[in-house]
Each structure stands twice: as structure tokens, then as C-alpha cells.
1. Do you know which of the residues in segment C:280-296 that are within 13 Å of C:Q117 (Cβ to Cβ) and touching a Leu at 6+ places or on another chain (Cβ under 9 Å) is surrounded by the fewest Cβ atoms within 10 Å (Cβ to Cβ)?
2. Only one of E:I77, E:I81 is modelled with pLDDT of 85 or more, touching a helix residue (DSSP H, G or I) at 6+ places or on another chain (Cβ under 6 Å), β-branched (V, I, T) and surrounded by 24 or more Cβ atoms within 10 Å (Cβ to Cβ); which?
3. D:T182 is checked against (1) hydroxyl-bearing (S, T, Y); (2) within 11 Å of another protein chain (Cβ to nearest Cβ); (3) closer than 29 Å to D:Q259 by Cβ and fails just one. What number does that condition carry?
4. Let me spell it out: the conditions are (1) modelled with pLDDT of 90 or more; (2) over 30 Å from B:A232 (Cα atoms), and A:I218 meets all of them except one. Which number is the exception?
5. Please go through segment D:149-160 and give me each residue that is more than 19 Å from D:E91 (Cβ to Cβ) and touching a helix residue (DSSP H, G or I) at 6+ places or on another chain (Cβ under 9 Å), ordered by number.
6. Report, by residue number, each residue of segment C:30-89 that is basic (K, R), over 14 Å from the mean Cα position of the chain (by Cα) and at the interface with chain B (Cβ under 7 Å from one of its Cβ atoms).
7. I'd like to know if segment E:46-63 contains one or more residues that are surrounded by fewer than 21 Cβ atoms within 10 Å (Cβ to Cβ) and in contact with a helix residue (DSSP H, G or I) (Cβ under 9 Å, 6 or more places away or on another chain).
8. Taking interchain pairs and intrachain pairs at least six residues apart, which have beta carbon atoms under 9 angstrom, with the first residue in segment C:20-33 and of a type in the set (D, E, K, R) and the second buried (at least 16 other Cβ atoms within 10 Å of the Cβ)?
Amino acid sequence: MLLSHNIPFRYIFRKIRVDVLRVLLFSISFHILKLVLTDALPPVPSGLASVLGTGISLLLAFNLNQSYERWWEARIIWGAIVNDSRALMLELKAFIASADAQKPHIQAVVRSIGLRQIAWCYSLGQSLRKQNPLEHLEEFIPAQELAHLQDKMNKPLALLELHMQDVNWLYQEQALNQMQQTQVSGTVTRLVDSMGKAERINTTVFPATYSMFIHFFIYLFLVILSFTLVEAIGVYEIPVLTAVASTFFLVEKTARHIQDPFMNKPTDTPVTAIARTIEINIKQMLGEPNVPEPAQPDGYFLM
Amino acid sequence: MLLSHNIPFRYIFRKIRVDVLRVLLFSISFHILKLVLTDALPPVPSGLASVLGTGISLLLAFNLNQSYERWWEARIIWGAIVNDSRALMLELKAFIASADAQKPHIQAVVRSIGLRQIAWCYSLGQSLRKQNPLEHLEEFIPAQELAHLQDKMNKPLALLELHMQDVNWLYQEQALNQMQQTQVSGTVTRLVDSMGKAERINTTVFPATYSMFIHFFIYLFLVILSFTLVEAIGVYEIPVLTAVASTFFLVEKTARHIQDPFMNKPTDTPVTAIARTIEINIKQMLGEPNVPEPAQPDGYFLM
Amino acid sequence: MLLSHNIPFRYIFRKIRVDVLRVLLFSISFHILKLVLTDALPPVPSGLASVLGTGISLLLAFNLNQSYERWWEARIIWGAIVNDSRALMLELKAFIASADAQKPHIQAVVRSIGLRQIAWCYSLGQSLRKQNPLEHLEEFIPAQELAHLQDKMNKPLALLELHMQDVNWLYQEQALNQMQQTQVSGTVTRLVDSMGKAERINTTVFPATYSMFIHFFIYLFLVILSFTLVEAIGVYEIPVLTAVASTFFLVEKTARHIQDPFMNKPTDTPVTAIARTIEINIKQMLGEPNVPEPAQPDGYFLM
Amino acid sequence: MLLSHNIPFRYIFRKIRVDVLRVLLFSISFHILKLVLTDALPPVPSGLASVLGTGISLLLAFNLNQSYERWWEARIIWGAIVNDSRALMLELKAFIASADAQKPHIQAVVRSIGLRQIAWCYSLGQSLRKQNPLEHLEEFIPAQELAHLQDKMNKPLALLELHMQDVNWLYQEQALNQMQQTQVSGTVTRLVDSMGKAERINTTVFPATYSMFIHFFIYLFLVILSFTLVEAIGVYEIPVLTAVASTFFLVEKTARHIQDPFMNKPTDTPVTAIARTIEINIKQMLGEPNVPEPAQPDGYFLM
Amino acid sequence: MLLSHNIPFRYIFRKIRVDVLRVLLFSISFHILKLVLTDALPPVPSGLASVLGTGISLLLAFNLNQSYERWWEARIIWGAIVNDSRALMLELKAFIASADAQKPHIQAVVRSIGLRQIAWCYSLGQSLRKQNPLEHLEEFIPAQELAHLQDKMNKPLALLELHMQDVNWLYQEQALNQMQQTQVSGTVTRLVDSMGKAERINTTVFPATYSMFIHFFIYLFLVILSFTLVEAIGVYEIPVLTAVASTFFLVEKTARHIQDPFMNKPTDTPVTAIARTIEINIKQMLGEPNVPEPAQPDGYFLM
């Protein structure tokens, strides 16, 4: 997640460097062409550039809106993960509070569910970002569980499978009653849902032809605009067209970046920082000693 | 689902070939007409083309947005199918874990629900795409169940009926308690919902007059624009108009393609690949030996 | 629901006949006026028509979008009715499967709930379309139930009341346990919701002043455009203005038609066809002999 | 709720009278100014009016859309109140049907919940409209309940409190079992939700600066347009500008009216008519004798 | 929350002072430049300003819409907090009404949950606004609970932990049955959700590059417009450009203010006033003596 300040100009410019350079080049070519064959170039009516400009503005605005909604949905999903992680611990702690508070083997299972929940958050974030989903998990789950995960295709799903088994074991031990088991396993099911939703955003390519014709449409607009401007303002065309092109490409690139929020880029949903928040909340609920600090931004962004 | 790279130019062009050719033809006709009767043609004010251009851009942008939402809803529905398939297995495995883990006839029913769930996913995808909904199902369900499905109008619904009966049988055998039966049959009901939602998108024709007047509006705009351009830039009109027409028809065709996401086309929701993911997840949960590989893209798209 | 092909030109034209004729008339009048008093008419700047054209395009596009969403919501509601009708039967059949499968009086009640559910779907569709809500119901419900419905203001609601009583009776007879009764009566409650939602769309007039000023705005735009065009292109104005006017009125009429989807018109949500689908599904689940064919389109539309 | 016909011209005009008059005045002033100092006024380029016109059209269209969504949400909330009122009675009637049908004190409590539910609907509608929330309630609830409500700040909430107590009493008397109590009190909780949602819309002022700059923006556009037109078409400016101004102010006022749907105005959500529908439904379910007629429109609107 | 009247002009102007001044400065510079080097400046075609104006209008309108939706979502979340606070008390009061009404230690726990719920609302509001989350809480919760909160990172979450423990204690004491405990703890879970949702809005920075290029785009548009106007209307450019610039910056600033609704600014969601409403409702339900008055607006806004 980009922060609202300190974003280096370099970062923004790098995203549109190639496209703006290309626009600069053809704008210069048109200018030279104009000098060479003065009369042959037709006076493209400015109305055409205007129509195309309106068209591409509309498509870009809608595209940006759809990308924004994907980005916001990704954040909502991770917000739900925060909520359900907290709810899971609140429910477990309250439900087994009274009768079984003293039984250490019950307490141990609750603690291990809590730590595994932290592990799940980190693991899901890493797996969405195509990083090793088992990295650093040894801090939170025992070695035999790590071994059990090795040959599973979907590690976070396997962790939730272990949750479900533990919840059922608590029910077998009568630490949870029927209704309480239903409620807690309902919370785990919501975690399955959130995981699947994040995977859906991650694996669904934004309609490819849509992205392609937007890119093509911007170029068409800039070429027509270039023809119009070279006629009207001569050499001043070059800075003007570069500024206009930069703006349109910046809109397009922003849309493209926020539409894939788990790509290990500065515009990502800050899944590591969110997992850290969950780690803090759960550890404080469990009364664990080594509560970490909240994640700090990495310059101008937070991962 | 189209991938973000490798889309052949041929694929994109084929979609708009006929319409662009038609535009090319009338643009050439206008040019010839202009040469023949020089003064008779009135100077259509460019403002009119501009108004129509804005109008059709707006309608296209909204239309594309509505199509995008249909496409995204279809993907959300199949995402929910992934989640509920996983939840179904997690619940069944956890709920009957302890007491009845050893009873083989209970285990057999859970396994057969799991395999039938895989069958249901493939069957639903094939039935939405108007393919044979029973193809390849013999791998997952026994022969007598296949026979039972033969004369049912809606095969996937009949498969869920069998799920419900098995879940109730587990309850009768006391492998599930009251609450657990309610929760598991609630999961099956959500699968009924997802199926119905996908069928709804598949059987609901996008408002036909809406699509028609958008097509008519684009032509009206191009004709008026052609009149304007032939006046202003002469023979250069032909490439310019072709480029503009291609862009608008490309937007329209993209909208039309993604608005029907189960038509067995490259822009489809990748239901077969999703069903494969579910097959992998469920088989790993059941400890089945023959876990397949994830589905691979077929050139530039994934089905 | 209009199908995507075979829509007769006559059907589309009839919707906008009066308005286009009116535009034709004043466009001709302006032309004559122009011939009579050559200099008195002021040269309305084309920019004004352009501004108004953008304004009315925007309002029409938003209006069409809101109408589309009403139409789509209506379809979603009937999709939910399909899902809950299926879920109701799946639940009932599974829950009473084992113990009471042999008791004929239990089976009879389940069958009568199934047939009444079919009756409810037809009755709701007919009542939304202001047709006789009891027509053809004698095929599905016994005479004394029909008599009981006679003096009820809201027939579909009274049918759901009978559902609820039967479900409770099944619970009293211990064919359903506490949890199962809750789940089945929850399904009936969702049907109450869907019914209320469809009634809401049906009884809520789209903001009337909104529709009125859109109509007025289109005329204002066409009058100003007519002034502009008569100046610029003379007699060619008449076909051009007629084409432009047709397009705008077509958009407006399409918005108006799809915004009321239960008016017994070709653009309706196909409630009869959906009820037929439900009839087929339920009858196959009940093993009834006389399963009908799916509803066939009536020329270019499906009711 | 305005009906779709019979809206008096007077009603529409009154809403925009002041603003149109103001526009008329400055348009006349500009015309006189133009006559006095012919050359001093600069020729404002029509492109500027065009840009501002596009800008304000966009903001108005979005604003109208947001207002429409508030209005539609208000209607959805009252639709949910209809559904939950019906569900409450269906559940109560079915759940206590068998065993306790003969016990008159149980029947009396169900009847008093039903009548209180009618009272709650009227009371909520009146309280949202800042009318006396206790008016006419004596028809539905006994005197001591009315007295109990007197010193409560939020009367509808206090009525739902009484509902909850009665539902719990039915459970204590074993007329409802555990699950049934949960389901019925869940329905009452949904009524609490709907009430809170309606209050939310009623107490949340639409962002005030947003409304203000839209008003300011329309004036800026009209002033610039007036400058442009006085140059081009002279005295004809006055009717043209008045027509354009009327249209834009009409859009603005429509947005403003539908964004507050509980203000006791003709554009309100028809809460009294909806409460009457609920009264009819509940009284027919209870078999009450004095079932009223549905509410009739009051000329061109329904309250 | 800004009220709809009494907003001082000073408040609105202060928001855009710097940007408008900057525009004023470069507009004057251009005018002087024009006087100095008359012919060197090219005649920028007004069409370009028009295209950029349409583009930035669209982006601003969409941006405003997205900000509006964040603002409205924040209000919906706090509306849900009102509803769930009321539901929590209604449920507790009704469920323990009969049997345990006389037992004072049960009553004391219900009362302390009620007062803690009030404390939670104030605490959450203060914590979202980065104020001391424990301020004034001593009025509602006992000293030892306050002490317990001291070292918790997330105070409102710790308060809900205490709620859950009390609810479970009521179940242990058999003041609530299984189903009732589930329902009440479900209500507490919804409060956890609402809290997490508010935190999500509060900690998620609106895509920073999006905000940046909108700001840059407005400047680009104004510079190009300034070039166009200085050519056409000379010194009149200065007031015209200032008015146009003010409007665009006002839209931008409004979008920026409402997109962060918990910043302790006049445009905030009125969390303190909402917490006061909840305090009044809960205290009246508990029969507490010292019910406060509703919060009064602070001049032109309500916090």
C-alpha cells in the first residue's frame, strides 16, 4: 500500500517511461514530417481528437473504477480475515473459559489454534504473492505440522483443515458444546471463504482484450491529437503532447497496478502488515510474552 | 479466460472483421460520391459527430461496465463453488473424525460424497456450456448413480439430491449430530444457490433492444463522422475512419463476449480449470493417490 | 424476456413512432420557417447543442443503468425463487427420508408441499402481472385450499402460510427435528422475502419527475439541434434529425421498458418460463409422472 | 411517492421558480449591459461553456445517481420491514399452531404481538417524518403500553422491546422451543436493523459542501453560457438560457428531493401506505374482522 | 458531519486557498508574458482544453463517487453499531427476563455489559480519531477493568473480550441457554466485525498515485485553459480562470475530505453523537436515572 506522502518521483515516472518516450518520438517525427512535406498533411479536424479524447477518458475512468473495486475488494477480504481471526480467538477463549480453564491440555490446544491462525495469515499472504508459503512458519507451528504441510498443494487450506480437526477434538472433549462447535467451525468456514476470495482475485486475469484496446485507443487518440496540434501550434506540440500523454498513461498504469493487489509490488494490499496486526491481537489475547511491534512502512509504502 | 499475453492478433481481428469491412466500404463510397457530386453534399457540422460520439462512448462504457459485472459475478459464483466444495469436505472430515474414523462404511460415504462433489463441478461446467453433463463422470461416481442420472432433466441438481440423502444417512447413523447435519446440509444448499445463479446468468439474454441500438448508434455515428471527414481531409478519411471504427467495434465486441461467460469460448469463466483445482483439493483431503496436475492454458486462454 | 434474434423491426419502431413523428414535424416546420423569414432566425452556436447533447447523454446513460439494475434485480429475485424452491424440496426429501419414508401420510404432506410450491410460483407470477393469481392452480392444490384462498387479499402469501403450517405439522409428527424445522421454515421465510422484493419492484414507481425531465431534456436538445442544423445543412436536416431523434428516444424507451419487469410485456422477466422450470425440477424430485416440457419462446420473446 | 401521471405542472415549477427567476434576471441584465457597452465585453469562447457544461453534467448525473441510491435503499428497507412483519406472524402462527392453539392466553399474546407490529410500522413511519409517533396507536396497543411508551426517547425501539419480552414469555410458557425462540427473536432483531437503517438515512445529511458546489457550479456555467449566448444570438438568449437553466435546476432539485425520503413530502417513501399493507396482511392472518382497504393516492402522490 | 446550513464561507474557502492562489499567480504571469512577447505564444486550440476538461471532469466525478462510497460505508458501519448495540441489550434483557429477574448478581452483569457497551462505542470513536481511547470511560466501567485495558494495544477489542466472557458466564450460570448464548455471542461477533471494518477504512490510504495524478491533471488542464483564454479574452481571463479553478479544486478537496471519515474534522462521521444516541437508548432500557440529552451540533457541524 502506497502511503500518501514521500512517494519518489522516480517511482511514478518509471511506470510510464517507455510509453511517454514512444509518444515523444512520434510527436517529433510528425513535426519533422510537417517541415518536409508542408502541404501534403491534411488538416485533421480538432473535433475528431475531441471525440476520441472523450471516448478514451470514459473507458479509462470506468476501467480505473473497476480496478479500484478489485483493489478495495481485496482489502475488504483481508479486513474480514482480521475480523474472523479475532472472532475465532474471542469465541474459543470465552467458550472454554469456565469449566476447562484449568485443564492444561485444553488450554494448549486453544493456544496452538491461536498460533496456527497467525501462521495461516502469514502463509496465505506469502502464497498469494507467489512466495514460499512456509517461510517463518516454524515460529508458530510445531515441526510435525510443518512436515505434514510439505506435500500439500495448498498450504493455507491444509492449515485450516488442522483447525477444523482441533475444533472437533475440543467438542469431543466436551470443552465446546454442539452450538459452540457449530459457531466456531462457522468462523473457520468464513476463513476458507476469505482465502478463496483472495485466490479468485489473484488468479483471475482482468479481461485481456479490454486492457489491450484501452492501450490501443490511447495511442490512436495521441496520434490524431498529434496531427491536430502539429498543425496548430508547431514545435510547442512536443511538450504539450508529452504532458497529455503522461497523464493518460499514468491513469492507465495506475488502473493496471491496483487491479492486481497481490503481486509483491508497492501498490499491494499490505498483507504482511495486516498479518502482523493479527499476530499482535492474538498474542495479547493468549497472554503470550513476545508481542511484536506493528509493521513499519518501508519508505513510501507498507507491505 | 484470456491470459494477459500471447493473444494472437488474428483472434482479435476476426471478431470485428465484418463490421470494419462494412465501414471501409461505405467510407470509400462516400469518397467516390464526393468526387462525383462535389457541391451537392452538405457540410455536416463536426459538432454533430462530436455529440453522437460522446453519446455512443457513454453507452458503450456503461454497457461494457454491465458486461464486466456479469463476467465478474460469474467468476464470483465459481469462486463460491470452490469455497463451498472445500468447506463441505472440511466439515465432513472434521465432524466424523473421532468416533467413526474407524468404521469403514462411514468413511466410504464421506469419500463418495467427496468424489461426487468433484463430479458435480465438472458436470455443472459442462452443462452450462451445453456440453454433455455426464461426460467423464464415470471416473468419480459409480455406475448405478450414473444410470439414475440418465433421465433427469437437470443432472447437477440430481447429484446434489444424492449429496443431501447421504448427509441425512450420516445423521441417521449418528455420525453427525443435529447441528452438524444442519451445517453440512446448509453447505449443500449454498451449492444449490451457486448452481442456480450460474444458470441465471446463462439463460438470461442481455436486454436485446439495448444491444441493438448500441450497434445502430455506432453506425449512425460512423456515417455522420464519415460525412464530416470526407469534407475535411479527403482520401485520408479511409484509414482514419477504419481505425476509429475498429476501436468502437472492438469495445462493443468485448462487451458482448464477456457478458456471456459460459459459451465455450476463450473469454469464458475457466470452469474446467476451476473444477480441476477442486479435484486436487478434495483428493488431497481424502488422501487419494491419483492427484492430477493443475489445468494448463490452451495457448492464449484457459478453459 | 426478448430473445437475441428475430425481433421484428415493427416491434422496435412502434415504441418510438409518436415521438419520432413529432420530431419530424417540428424539423419540417423549422425548415419552412427558415425559408419564410431568412434572416430573423439567430445562428444558434453549435456549442450549445453539444453541451445539451452531452448532458442528456449522461442522464440517459445513468437512467438506463438504473433501469438495467432494476431489471437485473428482478431476475436475481426470481433466480433466488428457483434456488429456494429446489432447496425446500431437497431438504424435505432428505430430512424425512429414512424413518418416515414408508408412512404414507407423511409422504402425502411432502408431495402436497411440493405441488403447492409449484402453484405458488405460477400464482406469484400472475399476481405480479395483475392477472388472476388463482388461474390454473386447481392442477396443483386441492379444492378446499383454493376455496380458503378466495377471500385473502394476497394469495401467494396465504399459500406460504399453508407451507408453514405443514412444516410445523411435520415437526409435531416428529418427521422433522427441531433443527430441521428451523432450516426448512428458514427456507420458507426466504420465499416470503423474495415475494416481498418482487412486489417492491412492482409497486415502486421510478421517480416520476426524473423520467419527466429526461423526456423534456431530449426535446430541448432536439429543438436546439434542429436550429443549428437548419442553418448548416438545410433540407438534409430532416433525415439527420430523424435518425438522431430515433436513437435518443430508443434509448429512453428501452430504459423505460426494462425498469418495470412485471408488466406483461415482451421485455418482462420470464416468470412463467421460470415457474415451468421449477415445476419440472420439483416433479422430477417427487417422481411425478406428468413432467411437462420447458416453456418455448413465443416468437421473439419468452414470457 | 409520486405516481407516474397527473403530476401538476405547478408542482414541478414551484420547485425551481426562484432559481429560474434569478437566471432570467441576470440574463436580461447581461443583454442590457451588452447594449450599453458594446465593445467592452470580451468574446468568451464557447469552448469554455462547453467544458463547464460537461463538468456540471457529470457531477449532476453522479449526484442524481447517489440520491437515487439513497431513495432506493430507503424503499428496500421498508420492503424488508414488510417481509419481516409477514415472517414474524407466519413463524408465530405456525410454531404455536398445534399444541397451544386452544390455550386462549397464548393466542392472546400472539394477537397482541401482531397488533403491536402494525402499531410499530405506523409509529416508525411517523417518527421518521418527525410527526407524533404515538398518534392513532391506541387502535392497536392497550392503554398501559401507550403509557409505558410516553417517557421513552425512541418509541419504536420501546415497542420492539415489548416484542422481545413477549417472545421470551412464549418460550417460558413452552409455546416456543429453543430453536423457535431463536428464530423469532432473530426476526425481531432484523426489525431493529431495518429501523436503524431508516434512521441512518434520515439523520445523515448528504455531504453539504458537495451540494453547495454543485449549486455554485450550475450558476458559474449559466453565467459563462450567458456571456457566450448574448454575443451570438442577442435577445433570443433569454428564452434559450431560461430553458437550459430550468433543465439543470430541475435535475438538481430532483436529486435533492429524492435524497431525503422521509421528509413528509410527495417524493417520500410511501411509509403510511406500506404500513397499511402490513396492517391488511397481519389482520387477515390473525382473522381480525375490520380489515381496511389499501391506501389510496392523494391526487398525484401516495404517502 | 457538516449540517446543511450555516457553513461559514471561511471554512469552505480555507480548503482551497493555496491552490486558487497558485492558479491566480500563473494566470497573471501568462497575461504579462502575453503582453511582453505578443507573437511568440502559439494559439493553443480550445479543443485541447476541452478534451482535458472532459477527462479531468470524469476522473473527478468518479473519484468523488468513490470517496462518497467510503464515507457512506463508514456511516453504514456506525449504523450497524447502533443496531447491534440495541440488539445486544434487547436480547440480554429478554432472555434473562423471567427466571433470573430477581437474582441481583445476574442483573448486575447485564447492567455492566450495557454500560461497557456504551464505553466501547465512545472508546472506538476516540481510537479511530487517534484520541485517547480511555478518556471518560471511568463513567461506564469499573476501575479494575480500566486497569486491565492499560497495556492492551487495541482497547475496544479488549472490551469486547470482556463482553464475551460475561456472556459465557451468564451461560455457565444458566441465565442463558445454549441457543441464546450463541445468539448473543453472535451479536458480539458482529460488533467485532464493525470495529474491524471501521479500522479498515481508517488505515487504508486511498490509492496515492490516483490522488496525485488527479491533482496534476487539474493543473495541466488549468495551464492549457489559461493559454487558450489569454488569447481570447485578455485580462478577463483572471477572474474567469479563478472561478473555474476554484470549482475544480473544491470538487477535489471535497472528495479528499469525505474519503477519510475518522480524522477528527468537521466532515467526519459523527461518532461521538452516535455513541451518545446509543448511551441514551441503553440507559433507558436499563432504567438508569442519568439519561443525557442528544449531542448538539457544534455550530455548523456535528461530531
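1. Filtering segment C:280-296 for residues within 13 Å of C:Q117 (Cβ to Cβ) gives C:280-283, C:285-286, C:288.
If we keep only those that are touching a Leu at 6+ places or on another chain (Cβ under 9 Å) too, we end up with C:281-283, C:285-286, C:288.
On the way: C:N281: 23, C:I282: 24, C:K283: 19, C:M285: 20, C:L286: 19, C:E288: 15.
Filtering first and then ranking leaves C:E288.
2. Values: E:I77 fails: surrounded by 24 or more Cβ atoms within 10 Å (Cβ to Cβ).
Just a single option satisfies the conditions, and that option is E:I81.
3. Exception for D:T182: condition (3).
4. So the condition that A:I218 fails would be (2).
5. Taking segment D:149-160 and keeping what is more than 19 Å from D:E91 (Cβ to Cβ), we get D:149-158.
Passing the criteria: D:L149, D:D151, D:K152, D:M153, D:N154, D:K155, D:P156, D:L157, D:A158.
6. C:R86
7. Step one: list which residues in segment E:46-63 are surrounded by fewer than 21 Cβ atoms within 10 Å (Cβ to Cβ), which gives none.
No.
8. Between residues of segment C:20-33 that are of a type in the set (D, E, K, R) and residues that are buried (at least 16 other Cβ atoms within 10 Å of the Cβ), the close pairs are C:R22/C:Y219; C:R22/C:A245.
The values are calculated or read from the model by the stated rules, or taken from the named source; none is laboratory data. Everything numeric in this text was worked out from a predicted model, so none of it was measured. As a convention, Cβ positions derive from the backbone with ideal geometry for all residues, glycine included, and neighbour counts pool all protein chains shown.
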